[in-house]
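Worksheet for the structure shown next.
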Amino acid sequence: MSNTARRRVGIAGAIVGAASAGVAAATLAKRYAVGRIRLRPDLEASEPLGELRGRPAHVTTSDDVCLYAEVDGPEDAPLTVVLCHGYTLNLDSWHYQRRDLAGSHRLVLWDQRSHGRSPRTNVDDSTIDRLGDDLAEVIGALVPGPCVLVGHSMGGMTIMALADRHPELFGDRIKGVALISTSAGKLAEISLGLPALLAKVVHKATPGTVSLLSRGGALVDRGRQAGSDVAFLALRHLGFGDPKSVSPTVVDFAESMIRSTPFEVIADFYPALMSHDKLSALDVLNGLPVSIVVGDKDWLTPVDHSRAMAAALPRARYTEVPDSSHLIQLERPMVVNEALRDLIKRVAADSTGPEGPEGVIEP
């Protein structure tokens, strides 16, 4: 080998070595950062997240999908609270609400189609309207009397789809609604916390990217499993308003739910979320007690979306929670639970007489 060839081989080897060292250094830095976070005091370390169980139930829908659900709390309670989880999550995302409410209220928690323990369905049935029909069937099968509906993110959209498609249920069977970190539409226009021009580019590129990646869903899912530390750090910053104070155990719990949702399911529902538009359906809720809760740092369903819903529902009680983000039922469970208790009290007051003072919109 000539001296020139040897030099070229040496240079190539040095470049490869430097690149490998860079990747290794980045990996070590990532592990070091995650390790330091996990070593901090964690008040939720002993919390049995995802371990609470109710009485299993199954609801077969009109298109022959067997949805998984759980019923918890006293069967003779006068009111049932139906909890509808968000995109890429499952019924266990209501851990703190189940823990604090099941002792005195009858709860129905269910896994939306293609999520959690409910079976996968095809892309044509991965729509918000279909989820609204599913909720109607869950109520028909598992709710014997009056109920309150609680929806987080896509679960709130499910409730709006129910109002649009089955308005006759509201006022008679459905006595109150809580909309948590959700939107009535125009999600395709959100900034994602980015400058306007960059946000526009991201929105334009995302549908095609999601569609392309979904074709290799199994491979993408294997990569998601391998990249759990990266996912932990990303979710800690994007899903929670105050990354420094959020429990690593809670972040791990949320990340495991998201990771367990196949990427093909994420891709199937993405267009439905972006095209969701149910602002007019809020008219159906106008005569009911409504609670709207949102974190002031929510980047996925921003504060402006909750304010728009509150403006369309003047009797709603609006709570904007400081230093919190999209996974507010896990990040600020006591605030969410208090809002739900207040809603249940207003529903009870409605059933016995005038509600009293209307809710006020907090700044």
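Every read-out reported here was derived from the displayed coordinates using simple, explicitly stated rules and does not represent laboratory data. Computed from a predicted structure; not experimentally measured. Here the Cβ is made from the backbone with ideal geometry for all residues, glycine too, and neighbour counts use every protein chain on show.
Extension gain for ALA349-SER62 works out to 99.8 nm (0.36 nm per residue, less the C-alpha to C-alpha distance). Within a straight-line Cα-Cα reach of under 14 Å, LYS175 can be paired with the following aspartates and glutamates, leaving aside sequence neighbours fewer than 8 residues apart in one chain: ASP342, ASP350, GLU355. Relative to the current alpha-carbon distance between LEU238 and ASP172, full extension at 0.36 nm per residue lengthens the span by 19.9 nm.
Does the stretch 64-118 come out rounded, prolate or oblate, given a ≥ b ≥ c as the square roots of the eigenvalues of its C-alpha gyration tensor, rounded meaning a/c under 1.5 and, failing that, prolate meaning a/b above b/c? Since a/c reaches 1.5 but b/c is at least a/b, the shape of the stretch 64-118 is classed as oblate. Using a simple spin-label model with pseudo-atoms 7 Å out from Cα toward Cβ, ASN122 and ARG165 lie 1.7 nm apart.
Between ASP283 and ALA77, full extension at 0.36 nm per residue minus the direct alpha carbon distance yields a gain of 71.3 nm. Taken along the Cα-to-beta-carbon direction at a fixed 7 Å, the label points for SER46 and ALA311 span 4.8 nm.
In terms of other Cβ atoms within 10 Å, MET309, MET274 run from fewest to most in the order MET274, MET309.
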